[in-house]
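Quick notes on the structure that follows.
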Amino acid sequence: MKVHEYQARELLEECGAPVPPSKVVETVDQALSAYDEIGQMVVVKAQVFAGGRGKAGFVKLCNNRDEVKTAAEFMLGNRMVSKQTGPEGIAVKKLLIASAVDIESEYYVAVVLDRTKRCPVVMVSREGGVEIEEVAEKNPDAIVKQWLDPHLGLVNFQAARLVSALGLKEKSQVKSATKVLRALVDVFYKYDCALAEINPLVLTRGGDILAIDAKMNFDDNATFRHKRLQEMFDPSEENPAELRAKEHDLTYIALDGNIGCLVNGAGLAMSTMDIIKLHGGEPANFLDVGGSVTKEGAIEAFRIILSDEKVRGVLVNIFGGIAKCDTIAEALIAAANEIGFKIPVVVRLEGTNVERARELLKEANIDALIPADDLTDAAKKACAQVA
């Protein structure tokens with residue numbers, strides 16, 4: 001689960017990190033009222049789940065009401081297009097109006113889960129304000145790391161090493177930066193984060209340390225125990241098909257290809273996408289219906305796949321274990337009758353009751369259902385159908 005920047009700033013502030021004053025707005029009039037309240041110089045920032053806002057023109061420094069009005073009208077009236085959004089862009093529905101700060105230095109600070117070492121790691125860099133991936137690629141030594149004990153969190157000597165790596169020496173700045181690090185780690189632990197990032201953390205010309213941008217991702221498996229996060233969830237920023245799939249206990253992720261995939265098991269789904277690409281095709285989705293999929297669940301999965309206008313063919317790859325092959329075959333036939341398949345559906349079934357399943361498909365005599373002997377045959381047929 002993701003949250004907007006303004007929500008991440010709220011969580012940081014609640015845990016003790018200093019952030020500049022700000023207001024969240026949804027209209028131009030609200031933006032002007034926020035400027036009147038904050039005053040002087042402000043930054044207008046689009047609130048979307050995508051990076052590259054500055055380069056796309058969706059972060060603006062404004063000195064007066066007219067500039068705020070122009071920026072708000074542009075951002076709320078246009079879709080933001082960046083490397084992370086794709087050419088179609090995304091609509092902007094909320095803006096953050098924040099007090100501008102006079103920046104002397106920018107830093108990067110983050111806590112992320114290191115899956116290799118199975119513990120959180122704090123990363124800091126003096127090269128803040130830019131994409132950390134670029135820093136890691138061009139100058140990996142610029143990133144300093146400290147791995148945390150899952151039970152102890154950030155201990156004093158680690159905090160001292162990290163602040164020293166940022167080059168901060170004045171007592172007040174060291175104290176403030178340490179407070180920010182502890183707040184970030186507290187948020188990470190308290191809310192089951194996968195990522196908690198401040199980029200940039202800044203030193204102002206007045207000597208203050210402030211978190212002026214934040215990004216947080218949370219473990220979906222843990223949100224049930226965090227009412228605060230549940231209230232922050234913004235469905236308008238999510239893919240409608242993915243939300244619909246979640247309601248039916250299906251795991252669905254939309255991709256850019258034209259071959260829909262319906263598979264049981266995450267590993268098998270990954271293999272299916274790989275073999276589609278091996279034979280020249282492009283998967284349109286990752287869809288894992290689970291090991292105990294029901295007839296109703298499989299039909300709903302088809303509805304979700306076919307709602308994607310890019311899909312020109314479907315590959316069904318089921319290994320029958322808990323979910324028996326004849327159950328899937330019945331679901332395929334029911335879906336064909338209820339929904340109506342206007343595109344080819346290549347079917348590869350293997351496992352429990354597979355012979356009965358093949359008999360059912362043969363008896364149904366549905367032209368759109370194309371049987372395959374094995375996974376390679378299925379991938380080749382699916383790719384040929386959309387070529």
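If only residues of segment 353-384 that are over 27 Å from Lys277 (Cα atoms) and out of contact with any helix residue (DSSP H, G or I) (no Cβ under 6 Å at 6 or more places or on another chain) are counted, the one that is surrounded by the fewest Cβ atoms within 10 Å (Cβ to Cβ) is Asn365.
Look at segment 124-143: where a residue is within 16 Å of Ser105 (Cα to Cα) and a partner is loosely packed, with under 13 Cβ neighbours inside 10 Å and of a type outside the set (S, T, N, Q), sitting 6+ places away or on another chain with Cβ atoms under 8 Å, you get Arg126/Gly167. Within segment 21-64, the residues that satisfy the criterion of being of a type outside the set (S, T, N, Q), assigned to a helix (DSSP H, G or I) and crowded, with 16+ Cβ neighbours inside 10 Å are Val28, Ala31, Leu32, Ala34, Tyr35, Ile38, Arg53, Ala56.
Looking at segment 232-341, the helices (runs of 4 or more DSSP H) lying wholly inside it that each contain 2 or more residues that are in contact (Cβ under 8 Å) with a residue 12 or more places away in the chain and polar (S, T, N, Q) sit at 266-278. Please state which one of Ile339, Ile328, Ile299 is modelled with pLDDT under 90, crowded, with 17+ Cβ neighbours inside 10 Å, aliphatic (A, V, I, L, M) and closer than 21 Å to Gln385 by Cβ. Sole residue among the options that is modelled with pLDDT under 90, crowded, with 17+ Cβ neighbours inside 10 Å, aliphatic (A, V, I, L, M) and closer than 21 Å to Gln385 by Cβ: Ile328. The listed residues are Arg65, Arg53, Arg79, and the only one of them that is outside the structural domain of Glu197 (by TED's automatic domain parsing) and under 16 Å from Lys215 (Cβ atoms) turns out to be Arg53. The set of residues in segment 371-387 being under 35 Å from the mean Cα position of the chain (by Cα) and either over 20 Å from Lys342 (Cα atoms) or β-branched (Val, Ile, Thr) (or both) consists of Asp374, Leu375, Thr376, Asp377, Val386.
Output the residue which, of all residues in segment 184-217 that are within 28 Å of the chain's Cα centre (by Cα) and among the charged types (D, E, K, R), is surrounded by the fewest Cβ atoms within 10 Å (Cβ to Cβ). Walk me through it before giving the result.
First pass over segment 184-217, keeping only residues within 28 Å of the chain's Cα centre (by Cα): 184-202, 210-217.
Checking which are among the charged types (D, E, K, R) leaves us with 186, 190, 192, 197, 213, 215.
On the way: Asp186: 20, Lys190: 14, Asp192: 17, Glu197: 21, Asp213: 24, Lys215: 17.
Filtering segment 184-217 for residues that are within 28 Å of the chain's Cα centre (by Cα) and among the charged types (D, E, K, R), the one surrounded by the fewest Cβ atoms within 10 Å (Cβ to Cβ) comes out as Lys190.
Each residue in segment 72-115 was checked for being touching a Lys or Arg at 6+ places or on another chain (Cβ under 7 Å), surrounded by fewer than 16 Cβ atoms within 10 Å (Cβ to Cβ), under 17 Å from Val28 (Cβ atoms) and in contact (Cβ under 8 Å) with a residue 60 or more places away in the chain, and 0 of them qualify. Considering only residues in segment 129-163 that are part of a strand (DSSP E or B) and exposed (fewer than 14 other Cβ atoms within 10 Å of the Cβ), the one that is farthest from the chain's Cα centre (by Cα) turns out to be Asp149. Of all the listed residues (Lys2, Lys69), the sole one being of a type in the set (Lys, Arg), touching a residue at least 24 places away in the same chain (Cβ under 8 Å), crowded, with 16+ Cβ neighbours inside 10 Å and over 18 Å from Ala100 (Cα atoms) is Lys2.
Got a sec? Which of Leu181, Leu166 is surrounded by 22 or more Cβ atoms within 10 Å (Cβ to Cβ) and touching a Ser or Thr at 6+ places or on another chain (Cβ under 9 Å)?
Exactly one residue qualifies, and that residue is Leu166.
The values are calculated or read from the model by the stated rules, or taken from the named source; none is laboratory data. Just so it is clear, the structure is predicted and the values come from calculations on it, not from any experiment. When we count neighbours, we look across all protein chains shown, and the Cβ atoms used for this are built from the backbone with ideal geometry, even at glycine.
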